[in-house]
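Each reported figure results from applying straightforward, stated rules to the coordinates on display, with no laboratory input. The structure presented is a predicted model; accordingly, all values stated were derived computationally and were not measured. Every residue, glycine among them, receives a Cβ derived from its backbone with ideal geometry; neighbour counts consider all protein chains shown.
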Amino acid sequence: MNRIRLVAVVFLALTFSAVLLADFVAPAPYAKQFREAPNAAPSAKHLLGTDDLGRDAFSRLLYGSRVSLLLAPAAALLSTLIAACIGGLAGYLGGWFERAALAATDLSLSLPWLFLLLTVRALLPLNIAPIASVTITFALLGVLGWSSSGRVICSGARAIRQSDFVLQAQALGCPPHRLFFKQVLPNLQPVLSAQFWTSIPIFIIAEANLGVLGLGVSEPLPSWGNLLRGLENWPEVKASPWKLMPIVLLVAVVSCFQLVFQKRENLAS
Amino acid sequence: MIRRSLLPLALLASCWLFVSASNAQSGAQSGAQSSAQSGGELRFSIQSEPKSFDPMLADDDSSETVRYLTTGYLIRLNRQTQQLQPEMAASWKVSSTAQSITFELREGVLFSDGTPFSAEDVAFTMRRLMDPALHSPFADPFRSSAGDVKTEIKNPHSITLQFPAPVANLEQLFDGVAMLSAKSAHSDTAGLGPFVVSEHKAGSYILLKRNLNYWKHDAAGKPLPYLDSVRLDVQQNRDLDLLRFRRGETELINTLVADSYDRLAADMPSSVHDAGPSFDTEQIWFNQVPGAPIPDYKKAWFRSQNFRRAISQAINRADMCRIVFSGHATPAAGLLSPANHFWFNQNLHAEVADGPGALKRLAADGFHLDKDVLRDRDGHAVEFSIITNTSNKLRERLAVLMQDDLAKIGIRLNVVTLDFPSLIDRISHSFDYEACLLGLVNVDLDPSTQMNVWLSSASNHQWNPEEKTPATEWEAEIDKLMRAQASTTDNKKRKEYFDRVQEIVYEQAPFIYLVNKNALSAISTSVHNAVPVVLRPQTYWNIDSLYLTPPDPNGRHGE
């Protein structure tokens, strides 16, 4: 098991390194159109061939991975922070605040996410740069994706509130804010960490889903979402299996995150 | 007339070469009529929910499909022979001044609810059509001048319509006028077409059942249509549509995109049909609505002829045809396709990509390059967004090619895909957009039917709809020319007027035309009597004479 986890960590490290160094590794700018060679097969010039507009597929995969792999953790961090604030306080304070927070969580969980995201995206200004568009997409995912984590964190905070050491601290006259920041939050860290790691693949896939609907990251900036749109055309993919690379990489990265997360979850429990 | 087509949506410009279907239809049927099998359900997809089931307001592709299948017409254009043929009108006569038309109506015709069809229904239809409050896109071609249309009912089967001024191509215009019932208790659903709407599940499907009162019979006396029902599935995704066709879950794809055509042709060659260059266009336009919520300096760009022409000049149309349409398209020169042999202005030629030329034109308006960024005379970087409908990969590819072309002259183009209702809302109501990429589906060859686009007061005058008075001199000139061509019966004169309209549109570029696509379609081998044509609806224009044979045992469309 340790060896598999090690492989996962190494794979993630290599992938992150490659995408962070995309400016040096990529053979061509991600938006450059080699119009004389649309849908080209892999070659020395184009390692993974070209897309239907003649753009180098390997370069787009690198840059697209960079977008998804950097912004998905950022969105996960945002949602975990929101969940920590709402869920942590609810579990720690209990009473009416907990009931209200859990009701808000339930309401948030019952919302049709996809339609909400579609609506919010339709309301955004049109004239925004692709990088702003992708940032907004992930920020939306982060802001809207806190609720399931919030419930878990609330449960963890409640357990801590009822624990002996907290009672002891309260009996010794420790003020509530100090108790929350010095005792409760540090003890919630394993739960927060687990929620953070599990959120990353969820947000990657959510962005991919939006991309498949054409509502994710704007052209010409690549992301896993809009790269996966190329897979809608199955007969073409069957004839050009190298076009499966984005999904192969997505599955590999998500699996590695899961392996790493499983270990952390075990530690947390 | 021009309508929005969804396939992405699109504005549909209709220019059917009016032809009459009767001969072709009987010809197409003759070989098969004796063996034609009644029954069965024909299934095909529409790309969006119809915007309206009111036949007077059908201005998108899906609404037009429902309208075509459920309504009846006095005169019909045969999409194959391009000749007019009698339908509800057994005969008609246009006055020598082209100001009136007299119809002798077919007797014994019933609406789908059993109420008889009479001259009163024709009068009612015309009153409703010409009601200015309705804003029917089909009314504009009849409005050659101010004044009401007078109706004179001589007897229940004879009616004369008197127009305030001559109307060019008068009889052809009735191909777009669906007859309504004046007396039916359910006048909104009673129709004279081969089918009636039976079920509608919003966003999912529309089921049309055979109209038991339909008036046509085949040569052997068998009642038409042969089909029991038509199921229209709402399916935006063209790939899924293609997949369903391959699986035998649908029988028609009315308009096939180029790459789908090539894929299908590879393994189902007898199911695909290329009818040659179509009348459809793909184009962009800039928002020139004075009250639009966009910055004033951008409005100034969009109103500049040089700016629009420069954008047009910077776009590489040849690459669009080659890369996006796999060669199944030609660069567009203007509002008409060269396939429209009579009306197309042969002096016009598609712009050839010329970045330096575009920059020179922009320089005349004070634009200049500043470290690879184009700026206007006040220093604003030239950047704008273009909206198009999501799930239309061809348009998205066109937009990305344009993005690259414009980047070469220092312009940043932001491509935004929106779901269709949001897009329609922006271009028709809120006007909160800068540029839009859509398509026009020509459904009529005669320019009179394009009044709903080119008149400055028209609702589909998309760059600045429903102007109270023409905003520019050239729009005023187009108004004048369009009215003039619609008021004369001399086709030579009309051609001169419309040639000038095409020149103005070319020079001013309110619409920047990109390509003319070929008419590509797919028809299952289980569908008989189908004769694919260039004019819409390409595959089911003779729906009442189509019939099905059982699918092959493996459930797929065999070859």
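The orientation-averaged shadow of the Cα convex hull for the protein assembly as shown, equal to a quarter of the hull surface, comes to 41.0 nm².
Note on chain A: with charges restricted to the Cβ of Lys and Arg (+1) and Asp and Glu (-1), its dipole about the Cα centre is near 500 debye.
Can you give the Rg/Rh ratio of segment B:277-518, where Rg is from the C-alpha atoms and Rh is the Kirkwood radius? Write down the numbers at each step before the final one.
Values: Rg = 17.3 Å, Rh = 18.3 Å.
Result: Rg/Rh = 0.95.
For segment B:46-105, the residue among B:Q82, B:S52, B:S63 whose Cα projects farthest onto the positive side of the dipole built from Cβ charges is B:Q82. The local environment of B:Y506, defined by Cβ-Cβ distances under 10 Å, has a net charge of -2 under the rule Lys, Arg +1 and Asp, Glu -1. Compute the signed sum of charges (Lys and Arg +1, Asp and Glu -1) over the other residues within less than 14 Å, Cβ to Cβ, of B:F117. Net of charged neighbours comes to -3. Inter-chain neighbour count for B:414-422: the average number of beta-carbon atoms from partner chains within 10 Å of each residue's beta-carbon is 6. Computed from phi, the 3J(HN,Hα) profile of segment B:248-256 under the Karplus parametrisation 6.51, -1.76, 1.60 (θ = phi - 60°) reads x, 8, 9, 10, 9, 10, 5, 10, 9 Hz, with x in place of Gly and Pro. Look at where the Cα atoms of segment A:6-28 and of segment B:263-283 average out, and the two centres are 43 Å apart.
State whether chain B is rounded, prolate or oblate according to the following rule on the C-alpha gyration tensor (a ≥ b ≥ c being the square roots of its eigenvalues): a/c under 1.5 gives rounded; otherwise a/b larger than b/c gives prolate, and the remaining case gives oblate.
Working: a/c = 2.01, a/b = 1.35, b/c = 1.49.
In terms of gyration-tensor shape, oblate.
For the protein assembly as shown, with only Lys/Arg (+1) and Asp/Glu (-1) charged at the beta-carbon, what is the dipole magnitude about the Cα centre, in debye rounded to 20?
On the way: 75 positive and 80 negative charges, 420 e Å.
Taking the Cα centre of the protein assembly as shown as origin, the dipole is about 2020 debye.
Neighbours of B:Y214 by Cβ distance under 13 Å: Lys/Arg scored +1, Asp/Glu scored -1, total 0.
Averaged over its residues, how many other protein chain Cβ atoms are within 10 Å of peptide A:53-59's Cβ atoms? Spell out each step's value before the answer.
Values: counts 9, 4, 2, 0, 0, 0, 0.
Across the residues of A:53-59, the mean count of other-chain Cβ atoms within 10 Å is 2.
Angle of helix A:113-123 to the longest C-alpha principal axis of chain A, folded into 0 to 90 degrees and rounded to 10: 70°. Positive-end ranking of A:S17, B:S204, B:A146 along the dipole of the protein assembly as shown, with charges on Cβ about the Cα centre, is headed by A:S17.
Once the Cα-Cα distance is subtracted from the 0.36 nm per residue extended length, the B:A476 to B:A165 segment shows a gain of 110.0 nm.
Can you tell me the dipole magnitude for segment B:277-518 around its Cα centre, using point charges on the Cβ only (Lys, Arg +1; Asp, Glu -1), in Debye to the nearest 20? Result for segment B:277-518 is approximately 320 debye, rounded to the nearest 20. Mean residue ellipticity at 222 nm, helices only, chain B: -7500 deg cm²/dmol; runs of at least 4 DSSP H residues each add -39,500 (n - 2.57), and the sum is divided by the number of residues. Scanning residues 5 or more positions from B:S158 or on other chains, those with amide H under 5 Å from its amide H are B:L105, B:A119, with H placed 1.01 Å from N in the peptide plane. Computed per residue of chain A from DSSP H runs no shorter than four, each worth -39500 (n - 2.57), the mean residue ellipticity at 222 nm is -22000 deg cm²/dmol.
If we count other beta carbons within 10 Å of each Cβ, what is the order of B:S187, B:S52, B:S96, B:S521, fewest first? Write out the running numbers ahead of the final one.
Working: B:S187 17, B:S52 14, B:S96 9, B:S521 22.
By the 10 Å Cβ count, ascending: B:S96, B:S52, B:S187, B:S521.
Return the FRET efficiency for the residue pair B:D372, B:K222: r is the Cβ-Cβ distance, R0 is 51 Å, and the value is rounded to the nearest 0.05. Intermediate values should be presented prior to the final figure.
Details: r = 70 Å, r/R0 = 1.37.
In this case the efficiency is close to 0.15.
Placing unit charges on the Cβ atoms of the charged side chains and taking the dipole of chain B about its Cα centre, the candidate lying farthest along the positive direction among B:L336, B:W92, B:A530 is B:W92. Compared with the dominant Cα axis of chain A, that is its longest principal axis, helix A:245-268 is turned about 20°.
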